[in-house]
Amino acid sequence: MNPDADRLWRAPRWMLAVLLALLGMLGPFSIDTYIPAFTGIARSLGATPVEMQQTLSAYLFGFAFMNLFHGAMADSFGRRPVVLWGIAMFTVASAGCALSQSIGQLVFFRALQGLSTGAGIVVSRAVIRDMFPPAQAQKVMSQVTIYFGVAPAIAPIIGGWLFVHTNWHAIFWFLTGVGVLLWTANYKLLPETLHVSQRQPFNVKNLMRGYWQLGSSARFFLLALASGVPFNGMFLYVLSAPEFLGSHLGLAPTEFFWFFVLTIAGIMAGAWVSGRMAGKIAPKQQIRHGFVIMLLIAVVNLAANLLFKAHVSWALFPIAVFAFGWALMVPVVTLLVLDLYPERRGMASSLQAFVGSTANGIVAGVIAPLIMHSTVALAATSLGMMGIGLLAWLYLHRRWPEIGQAVS
């Protein structure tokens with residue numbers, strides 16, 4: 001924690017949470033805004049569904065790759081410069097998407113978006129731990145998740161409206177405008193939270209030492225799996241939204257927002273409960289509650305899809321409950337990751353995001369195209385993704401029972 005934290009931000013804590021949430025919103029806005037226009041973009045560019053899916057996987061793999069470096073650079077050069085350069089690059093890439101005239105160009109600029117958006121998401125986590133002790137950090141991280149949840153709820157509404165009333169290019173011009181506004185807000189408001197005494201040398205030897213320290217840590221890897229992979233239990237449905245919502249449930253593009261509203265409501269409610277629990281129960285107990293909720297609802301979802309034909313009257317609710325369970329436990333797991341190696345919080349945040357986003361990229365580019373045509377396959381894969389995270393946590397809990405034991 002920065003020893004000068006009290007002097008860096010004198011405004012109310014929730015205002016910092018809003019600013020950091022705005023940083024994190026670039027990710028969901030980059031994905032959810034253009035999903036309602038998938039079929040229209042494909043027709044306009046003459047792209048196949050598989051090629052359109054690559055616009056998602058290119059973004060996610062770019063996001064995963066650059067996550068290896070955002071945190072390390074933030075540990076060396078400071079949080080603020082990395083954030084500002086990342087937003088600037090995102091803004092340029094969004095304009096490139098808007099001007100794209102072929103699917104190849106769109107895939108390229110989507111990858112460029114992915115390379116840049118991780119800066120805000122990764123660095124914002126480190127900023128929280130720079131500024132607050134554990135219990136307060138959990139509350140702020142939960143607040144960030146709540147505010148952050150507004151973005152994916154409204155993004156498909158905006159995207160659907162722009163697509164229906166103008167064209168798909170307008171969606172990416174909108175993202176360009178978002179980038180300009182966010183860069184301006186962070187340039188004026190975001191303080192540098194990394195204390196000079198805590199900066200790491202930026203050289204190959206020190207970087208390799210840090211990557212080895214974290215990459216060879218079984219505790220770090222298991223925590224990253226426990227937080228990152230279960231996310232795909234619900235993200236799988238986001239990636240498959242055009243097929244799941246349009247073909248299976250018969251919703252029009254302008255009606256996709258119901259899915260996003262319910263799912264994000266689950267995330268926001270889970271994050272709110274997580275913040276209320278901060279400092280009151282042991283972190284490992286809160287994590288257990290989250291996994292129990294996800295496991296039970298994933299089993300119910302699979303059984304319902306095996307027994308009945310998916311219908312909009314019930315098919316969206318299990319995903320929202322799953323999102324609640326994930327949001328209940330993920331702020332706690334993230335803080336456990338950041339506190340494993342306090343001197344390398346930026347790098348830890350980077351590698352945690354790398355594990356999660358690599359899983360996201362595999363799901364987007366490989367798994368989702370294979371299973372999106374069956375609601376049973378979607379439900380079974382969702383359960384499987386949650387199971388990987390659960391097994392990682394159970395092994396970690398058995399091998400290192402002291403992790404997450406203390407109430408901060």
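Please treat every number below as a calculation from the coordinates, not as lab data. Since this is a predicted model, take the numbers as computed values, not measurements. Using ideal geometry, Cβ is built from the backbone for each residue, glycine included, and neighbour counts are taken over all protein chains shown.
Brief remarks follow.
- Label corresponding to Cα extents along the principal axes in Å when calculated from the structure given, among (i) 55, 46, 39; (ii) 62, 45, 32; (iii) 64, 44, 42: (i)
- Under 25 Å of direct C-alpha separation, and excluding same-chain neighbours fewer than eight residues apart, K205 reaches no lysines at all.
- Gain on full stretching of the segment that runs from L394 to A252 - 0.36 nm per residue minus C-alpha separation: 47.0 nm
- Segment R219-E402, length gained on full extension (0.36 nm per residue, minus Cα span): 64.7 nm
- Of the DSSP H helices in the chain, those whose Cα atoms cover at least 24 Å axially and whose Kyte score averages 0.0 or more: 49-77, 79-99, 103-131, 168-189, 257-277, 283-307, 317-338, 345-362, 375-399
- Put simply, when 342-351, 205-214, 266-275 are sorted by average Cβ atoms within 10 angstrom per residue, most first, you get 342-351, 266-275, 205-214.
- Eligible lysines near K139 by straight Cα distance, threshold 20 Å, same-chain separation 8 or greater: K280, K284
- The chain, relative contact order in percent, only Cα pairs under 8 angstrom and at least six apart counted: 27 percent
- Rough spin-label spacing in nm, given labels placed 7 Å along Cα→Cβ, for K309 and H195: 6.4 nm
- Amide N proximity, the stretch 30-73 versus N167 label position 7 Å along Cα-to-Cβ, cut-off under 14 Å: 40-46
- For trypsin sites (Lys or Arg not before Pro), the sites in the stretch 232-284 that DSSP calls loop and that have at most 14 other Cβ atoms within 10 Å are K280.
- FRET efficiency estimate (nearest 0.05) - Cβ-Cβ, V150 to Q101, R0 22 angstrom: 0.10
- V299-K280 pseudo-label distance in nm [points 7 Å out on the Cα-to-Cβ vector]: 2.7 nm
- The local environment of I121, defined by Cβ-Cβ distances under 15 Å, has a net charge of +3 under the rule Lys, Arg +1 and Asp, Glu -1.
- Using a Gaussian network model of the chain in which every pair of alpha carbons under 10 angstrom is joined by a spring, one finds that among I264, I103, I121 the greatest mean-square fluctuation is at I103.
- Helical mean residue ellipticity (222 nm; -39500 (n - 2.57) per DSSP H run of 4+; nearest 500) of the chain: -25000 deg cm²/dmol
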